[in-house]
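Structure first, then comments.
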Amino acid sequence: MPLGPWRKKNKSTKEHLVDNEEVSGGHAGAGSLSKSAVNGAGLPPPPANLRPKLVFHTQLAHGSPTGRIEGFTNVKELYAKIAEAFNISPPEILFCTLNTHKIDMDKLLGGQIGLEDFIFAHIKGIKKEVEVYKSEDALGLTITDNGAGYAFIKRIKEGSVADGVKVICVGDHVEGINGRNIVGTRHYEVARMLKELPRDKSFTLKLVEPMKAFEMLEPRSRGAKPASDNKIGTGRGTLRLRSKGPATVEDEPTEFEEKAVKKVDDLLESYMGIRDTELAATMVEVGRDKKNPDEFAMALDETLGDFAFPDEFVFDVWGAIGDAKQGRF
């Protein structure tokens, strides 16, 4: 299939509970936790329901006792487990950070969790409505997604239109645009809607900021680009969450994976106005063994058919993955 706009037919997927897979002489790699592995004695591992589950510790970011969660395979299930632990509703959770209670976009929970990471859940706080005059084509906002239907602001470009409206902050969930409720709308669609708003006219944003404890109140942050040396997890392994299919236990990202994912995430922001490390990691994984851009394009269609990527973007992603393989970053 040649490069160009493409779509994928919906396919049903089966979801599995996350279990800890014990493998001798190696790691889980890209294999599903539900797949059988053979141990050093040549015997299959025990059934999934008899294996120990991965347990993570969690707190509400504004302050709470510590809870224990287990048995999730994607972000929606993770939020449900956190909500159950603290007796709140899952839609109250805006996003999670790893190993910090602060609204730190460098520590945002994406597609991977270190096996020793501590999860902090940021829940809904103050609602606010703001009118913005769009004096330039670009607002200076980078949008990301919590994986469960909420788009929120990951970065505000210094000196931009959005930067001039001090009530707009990093971490704010975008709930509505010009009176239209956009809960459940994917981040790339929200970015497109904001980009297509007419210039030299005003529009209204409905925002929900994360709840903050009194001691957490601090000056407004613009957010930062993920540092190239910023490790996703602190544990010796990571739990890879996927929007489709079962989660997997893998080694920490290699230098190639970290550099390639960062570059692809930068390209997503440049072309689509979004940041999404899970999406970037999936694209790197898809392109790892592909021999040419057309083969890569067909694989993207099969794996990420919900997106219609521009040809130029696909070529640039293919080039970024190739550069990472050759160590040219």
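The values are calculated or read from the model by the stated rules, or taken from the named source; none is laboratory data. All figures in this text were calculated on a predicted structure; none of them were measured in a lab. No Cβ is skipped: glycine too gets one built from the backbone with ideal geometry, and neighbour counts run over all protein chains shown. Note: areas computed on protein heavy atoms with side chains; ligands, DNA, RNA excluded. Shrake-Rupley method; radii C 1.70, N 1.55, O 1.52, S 1.80 Å.
All Cα-Cα distances of region 253-326, cut into 10 Å bins from zero to the largest, leave 21, 62, 17, 0 percent in each bin in turn. Can you list residues from other chains, or at least 5 along the same chain, whose modelled amide H is less than 5 Å from the amide H of Arg155? Correct list: Thr142. Each peptide in 270-283, 157-170 gets a packing score, the mean of other Cβ atoms within 10 Å over its residues, and the list from highest to lowest is 270-283, 157-170.
Using a 1.4 Å probe over the heavy atoms of the protein chains, calculate the carbon and sulfur portion of the accessible area of region 253-326 as a whole percent.
For region 253-326, the apolar C and S fraction of the accessible surface comes to 49 percent.
Once backbone amide H atoms are built at 1.01 Å from N, Thr248 has Arg240 as its partners under 5 Å, excluding neighbours fewer than 5 places away on the same chain.
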